Amino acid sequence: MSYYFTIIGTKDNPLFEHEFGTSKQGGDGVARFREEARHMNQFIAHASLDIVEEVQWASGQMYLKLLDRFPPATYISAFITANNVKFLLLTCPSDSAPSRSSITSAASARSSSYPSSATYNPTAPATEEAVKSFFYEVYDAWLKTLMSPFYHINTPIGSPVFRGRVAAAAKKYL
Amino acid sequence: MNPLQDADPLQSPQYSNSESSLVLPKIRASPVASLAGLPYRRSNPSLSSLFASTASILPKSRSGSVTPTAPLVAGSVFSPGATHGAASPASTPQGSQPADEARTLILRSFVPHVGVFASADADELVQQKGLPGGFVELVRPFGERVHGKVTIRDSIGASRSWDDFGIRFTGLRDGIGVPPGGARRSTDSRPGTANGYRNSTEAADAAWLRVGGDVRSIEEVVDRHLAYAEEQSGPTDYLNHKQNTFETPIASSPFYALYLRRLLSGLPMAPHETFSHPVACVLAISSRSPSPIEELRRLYTATSTGDQRLPHWVNNEFLRYYVLVHDEDHDDISKSTSLFEQMKRHFGLHCHLLRLRTNQCVSSDEDCIRIPTCEWISASEELAEIHRREDISDPNIYLHESDAAALRTFVRELTTQSIVPVMERLIATWNEQVASRRRGISGRFMSLSKKWSPFSSSRTSSNPASSNPSNTNYDSLQGFYRPDSPEATMRKLADYAFMLRDFKLASSVYDLLRTDFNTDKAWKHYAAANEMCAVATLMTPANLSSKTRTENVDQMLESASYSFLSRCGAPFYALRTLAMGLELLKLRGSSAADDAARWATKALEMRVVGPVGEALFTERVSACYASRKGTGSMSWGSRRRKAAFWAVLAADSWVKLEKGVQAEKCLSEAGRLYGVDADGVTDLPFEGMRIFMRALSETVGALRRAKRGFDERAEEREADEETLAEDEVVEEISETLDKRPHRKSLVGIGAGPLGPLDTPLSPLRSTEDEPRFKDDQFE
């Protein structure tokens, strides 16, 4: 299972990107995305902003849960902060990343490479709770970064401390 | 119409004027075409007139008084009609127009089928006019749109006039589809393949071609059209490529329309739906026949018991319509009139005297018209036509104006005086006798077969191997209901209602059938009922609350596509279901557009489309998202980014297919949606996206350059050839016409490096890139 986490600013600009793999069930915490997933993940995350901007008005929560999916198996959860900065988490249950070629390749490839996607349920309470905890932990870290006098709002976050905290949260919950 | 052709003013007259076969462009195989593995030999004017249909493929007229794009109550926060007084997004003109066309397309594709069975002498008479296909081929183009308005009375007695009503003439046994030699790769299992081969293989071939339902040949046809458009687009240079790309939004791609149309053309005859079962059968004899009445009787017997008998899952009690073809040039009209009177006495009112001239008409004759081309030919038939026209320069067949008028009158009379009244009467009868009982109190608890079938017990006992031994009318071994069973009658009732555009009745009957078919485990019937129920529900002009839509329609589409694909292995029908569902949902606008996009995505996921279809459907997803307009000044609730994303994906698919023009169109659409200007993708915030977009546009530019380079090389070769064969006048003319656009393209090459999409790195962008992701180590 691979994850792609991104923080998106108010002008749809990325502030922070991080890829990691699952640490549960013996995962080594390394993301296994394919090469083309570099841009595909960004495209997918960017496209889900449409849904975020719609759902944010309907929900009173900051955590917007699972709100979008991209075939064949990429799930997008979102979290929105008070100043309209969005956290997006892309979950790919399979090791093969979201890509057009995984749609177009033969059916056999699909069945072979998806042992975990069959069992993964993005709306299971445990999954949602884990994602929520992850988001809140990142939110804490993000607030502290915001308070830094050297950080300008809506600019990319380059702090290695913040990246370390995100990685720790990922390891802890996902 | 086609911007790719019209954009080049110097080339367009050459191709649009297909009458002049004076100018024959030379053999030219573009690298694009050769890479796609297409056997391109030549493109002559008659062929290009065939391809030009992609430009004007959709009927321009609006259908009747229906306004389908009604604003809806939707689940979304931004859906109109809730609290905002904002205008409905669906009522914007650019949103409703192409959508309406998709609806018209569906309206016009499910029309009554009329089998044609002509005697040998009648066929011979028509063949003398230059139509090798005989009587069917002559009447077929005229049935596609009945001249004048057709008034139909629906089940509650309200009349409505339609001016785009049509009927489909087919050979009587066409839809059964006997493959020539059985060697055809079909994506679909065809029922009734074993039921009798034709004697003459040629006739069988022609009949087979008329059957659609083959996704692969649809792909091939669209690919041909694409390759042609690619070839004809001419060198797009710095000066004109902008107008090209921005003229048509991808929302109304003619190729997608063609794909849909071919998908809905030539429906194969199958037990689980009765659209292609004949509603009537035209029995035609000619005045040359020595014993006409005997001949008609013979034809009748052949259709009811003889070798023209349809398989026994087709209800054989359709209307017989008797036509006497009078040979205006050779036979005596008074004799024919008296014969016609005699026919009327014998066979009742369903008779017609068709007066045709038999002398072959040539284009130089005064009152001649070209025989119209059929719009609703199946994909394989169109392919055959393309192949044929690659060899023959002007295959057009001309008719005398008087013949055309006679045929139009014949079709109109047949439709308004026989077919429509008969169907109306049957609908009323069946509705009263079968469907209303089912709707009653007891009917709700009891399925049809349990109570009202007099045959059910006997048949199940004679069929011990049946998987469900309960009393049902379903023959699960052979997979059909007998045509006299109530289920089959109900299905026919619903289909008739659908064909006469009474969607309310149709959807209610389909809905009843769904449960019955489900209990009988008649999966193909179940899937088909679900499909048509969803379509009929969406076709009703009434508003549909988003709750009904998500609960019923989505569920129906889901089970239809699932059953067709997984239980029955019929990908063609699954694709048809999804395509119709998505089109109809799309035109409902608002949150239904989201659903439409979801179904289009599903079609991609289910792998029911080939490579061309994949690109087209990806494009369609983008169009669905783009059709959803937001509310307010921020246009909240729009799907701009999603539309742009899918447009990029579509461009990627087109690039993989080497279709540079299409890719370019998608790419510029994506750029427009992302809000980046054509000077570069400077505005995209994500680095990966930016790089990918740039790479894509470079590939597109390379494709274009490759084509342009090739054109010039071809021109050089042409010049060489010309010196060798100077006596060929035709060549010379084509040369002079061909050269000028290329001259312009030479200028374009000079300006090439400045071309917007070609520029690898503008200085502006390179400075912009750096600071964006620079690490500011502020901690």
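Treat the count of other C-beta atoms within 10 Å as a stand-in for reagent exposure and order B:ASP554, A:ASP28 from fewest to most.
Lowest to highest Cβ neighbour count: A:ASP28, B:ASP554.
Between their Cα atoms, which of A:LYS132/B:LYS656; A:LYS11/B:LYS659; B:LYS524/B:LYS656; A:LYS11/B:LYS586; A:LYS171/B:LYS656; A:LYS172/B:LYS656 are more than 32 Å away from each other?
Distance filter (> 32 Å) returns A:LYS132/B:LYS656; A:LYS11/B:LYS659; B:LYS524/B:LYS656; A:LYS171/B:LYS656; A:LYS172/B:LYS656.
Where Lys and Arg each count +1 and Asp and Glu each count -1, what net charge lies around B:ASP594 among other residues with Cβ under 12 Å from its Cβ?
After counting each charged neighbour, the total is +2.
By count of other Cβ within 10 Å, fewest leading, how are B:ASP154, B:ASP214 ordered?
Listing B:ASP154, B:ASP214 from fewest to most nearby Cβ atoms yields B:ASP154, B:ASP214.
Once the cut-off is 15 Å, how many percent of the Cα-Cα pairs in segment B:560-607 end up in the long-distance tail?
For segment B:560-607, the share of Cα pairs beyond 15 Å comes to 39 percent.
Ranking A:CYS92, B:CYS281, B:CYS368 by Cβ neighbours within 10 Å, fewest first, what do you get?
Ranked by crowding around the Cβ, least crowded first: B:CYS368, B:CYS281, A:CYS92.
Counting only residues 5 or more places away or on other chains, whose amide H sits under 5 Å from the amide H of B:VAL116 once H atoms are built in the peptide plane?
Amide H neighbours of B:VAL116: B:THR170, B:GLY171, B:LEU172, B:VAL282.
Put +1 on the Cβ of each Lys and Arg and -1 on the Cβ of each Asp and Glu in segment B:562-636; which of B:LEU565, B:VAL621, B:SER635 then has its Cα farthest toward the positive end of the dipole?
Result: B:LEU565, furthest along the dipole toward the positive end.
Rounded to whole Hz and in sequence order, give me ³J(HN,Hα) for segment A:158-169 from the Karplus expression 6.51 cos²θ - 1.76 cosθ + 1.60, θ = phi - 60°, writing x for Gly and Pro.
x, 5, x, 5, 4, 4, x, 5, 4, 5, 5, 4
When the Kirkwood radius is taken over all Cα pairs of segment B:461-590, what Stokes-Einstein diffusion coefficient follows at 20 °C and 1.002 mPa s, in µm²/s?
141 µm²/s
Using θ = phi - 60° and the Karplus relation 6.51 cos²θ - 1.76 cosθ + 1.60, list the HN-Hα couplings for segment B:111-122 in order, rounded to whole Hz, with x at every Gly or Pro.
10, x, 9, 10, x, 10, 9, 10, 6, 4, 6, 5
Only four residue types carry charge here, +1 at the Cβ of Lys and Arg and -1 at the Cβ of Asp and Glu. Report the dipole size of segment B:487-708 about the Cα centre in Debye, rounded to the nearest 20.
Dipole about the Cα centre, nearest 20: 360 debye.
Cα-based Rg of chain A per 2.2 N^0.38 Å, rounded to two decimals?
1.01
Based on C-alpha coordinates, I'd like the Rg and Dmax of segment B:556-644, in Å.
Values for segment B:556-644 (Cα only, Rg and Dmax): 13.7, 49 Å.
Please list, ordered by chain and number, the residues whose modelled amide H lies under 5 Å from the amide H of B:VAL323; skip anything fewer than 5 residues away on the same chain.
Here the answer is B:LEU283, B:ALA284, B:ILE285, B:HIS352, since their amide H atoms fall under 5 Å of that of B:VAL323.
Where Rh denotes the Kirkwood radius from the mean inverse Cα pair distance, what is Rg over Rh for segment B:487-708?
That ratio is 1.07, to two decimals.
Once phi is turned into ³J(HN,Hα) by the Karplus curve 6.51 cos²θ - 1.76 cosθ + 1.60 with θ = phi - 60°, what whole-Hz value does each residue of segment B:652-663 show in order, with x for glycine and proline?
Per-residue couplings from phi come out as 4, 4, 5, 4, 4, 8, 6, 9, x, 5, 5, 4 Hz.
Summing Lys, Arg as +1 and Asp, Glu as -1, what charge do residues with Cβ under 9 Å from the Cβ of B:MET539 carry, B:MET539 excluded?
+2
A short reminder: the numbers here are calculations on the coordinates, not readings from a lab. Computed from a prediction, not measured in an experiment: that's the story for all the values here. So basically every Cβ, Gly included, is an ideal-geometry build from the backbone, and we count neighbours across all protein chains shown.
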